[in-house]
1. What ³J(HN,Hα) values, in whole Hz, does the Karplus curve 6.51 cos²θ - 1.76 cosθ + 1.60 give for segment 129-142 when θ = phi - 60°, with x put for Gly and Pro?
2. Provide the gained length on full extension for the span HIS8 to LEU197, in nm with one decimal, where the gain is 0.36 nm per separating residue minus the Cα-Cα distance.
3. Assuming R0 = 51 Å, can you tell me the calculated FRET efficiency for the pair TRP71 and ALA306, based on Cβ-Cβ distance, to the nearest 0.05?
4. Before rounding to the nearest 500, sum -39500 (n - 2.57) across all DSSP H runs of length at least 4 in the chain and divide by the residue total; then give [θ] at 222 nm in deg cm²/dmol.
5. Set the Förster radius R0 to 41 Å, insert the Cβ-Cβ distance between GLU229 and ALA37 as r into 1/(1 + (r/R0)^6), and round the FRET efficiency to 0.05.
6. Output needed: Cys residues of the chain lacking any neighbouring Cys C-beta below 4.7 Å, sorted by number.
7. Distance between the C-alpha centers of segment 97-166 and segment 206-222? Whole Å please.
8. Could you please state, rounded to a whole Å, how far the C-alpha centre of segment 322-338 is from the C-alpha centre of segment 33-69?
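Laboratory data are not the source of any read-out in this text; all were calculated from the coordinates shown. Owing to the predicted nature of the structure, the values given are computational and were not obtained by experimental measurement. Neighbour counts run over all protein chains shown; Cβ positions are idealised from the backbone, glycine included.
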Amino acid sequence: MTKRPAAHRRFRAFAVQPHWSAADFTSARAFRAWMRAQLELVRPHLVPDRPNLVVLTELNGLPLVLRGAGWVTRLGTFQRGAAALVLARLPRVLPVMLRERVSPIRALQLADSSSNVRLYLDTCRDLAREYGVYLCCGSMPMPRYRRKGRRLVREPGILHNETVLLDPHGHLIGVTDKVHLTPDEGAGGVDLTPGSLEELRVFPTPVGDLGVAISLDAFRADVIERLEEQGCTVLLQPDANGAPWTALEGLPPDPANVRDQPVAWLESSWQATTTGRHIRYAVNPMVVGNLLDLTFDGQSAITGRAEDAPEARSYVLTAPRPGFLALLPWVEEGEPEHLRALGRHLAAGSGHPRENSYRTGAVYADLTLPESQLPPPSRTAHEEALAALLLGTARPLQPRSGWPLFALTALLGWRLVRSLRRER
């Protein structure tokens, strides 16, 4: 009797490296155009005879807080812009602060979360359908919802850095929250809620058994081990590296461990695929561009086992090595001191002629895996709510402040404006 060959999943994976600016988020139309431009980067390379997986970048929905406030871009810094938005939107922000006992920056994001979440998810759903791809939407600050009839009720005070996975019909596969937040994402920055390690799950699909480790999570052994235990074969690492790529890096838990950014990045996707048990491939897109006074840069990559990618290559400032299936070149090659100087020239506020001149593009690789043996995880109440939102059978419900709280808001807002005038 002839033995049947084992079935395999064959697919193409893409990591997209876009260039963002504050203007991309000041209107729904601008945001949709920016997101569509990223799918247009991969369109010429999509294959019709097998599934395509497209992975977008971290926090690509965060700047939607600027929507409807183009004037903020003239203030120069994200911190000034956020403070100005809190004041301008005080009637919506202050009730959230008082009712949910959260900071002004978290309240600012939660106050408009209903419309921004709908715009973000509707845009991603439409793109997944139009281009016929499995889509890792990147990530955005996402409240936690539960469904109540045709309405989605938001859990008070919660705001995760969350990735959403969609199939080619725009249906929800699952979501993942970021567990380990950077200082800029914590209470001193955009004030997000850490995710739970125990809630991390793996999603079996025709494009791999997908596990998501958002940015810093991919550097953390507890996250990688959690995904390995569940049989993850394709690691997705949406990223937004908020620093010049050729600068030095030092992050908790060991901020004294300072090294070149690209050296540090070898401890995420590349390490997970070259040393992992189940994780065979990883897709790591990185956003670039100066967002007001903030600098974002990196090199998007797809990594695998050394035997899958024997050609020796690597990030700038690191020695060539096997394991890179696809790698977007940095702006230039050259000696370390030249590259470090160029990184400073590209950064926000440098005043150099090359300021904000980053490389964009998309990289892809053809991947093969055995058929999945994993059962799909049960959906959470939050996932059921988002699935209904994507289908159009439920809509977010924004809590109303009521007249007493509205009056208190007006009074406190008036006092705040008076105090600011006195300080001047």
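1. Once rounded to whole Hz, the list reads 5, 4, 8, x, 10, 6, 10, 8, 6, x, 7, 8, x, 10.
2. On the way: separation 189, 0.36 × 189 = 68.04 nm, distance 3.04 nm.
Full-extension gain reported as 65.0 nm.
3. Working: r = 52 Å, r/R0 = 1.02.
That pair, TRP71 with ALA306, gives E of 0.50.
4. Values: 11 runs with 127 residues, N = 424.
When only DSSP H runs of four or more count, the value is -9000 deg cm²/dmol.
5. Details: r = 38 Å, r/R0 = 0.92.
About 0.60, to the nearest 0.05.
6. By the Cβ distance rule, which asks for a partner under 4.7 Å, the isolated cysteines are CYS136, CYS232.
7. Between the Cα centres of segment 97-166 and segment 206-222 lies a distance of 20 Å.
8. 23 Å
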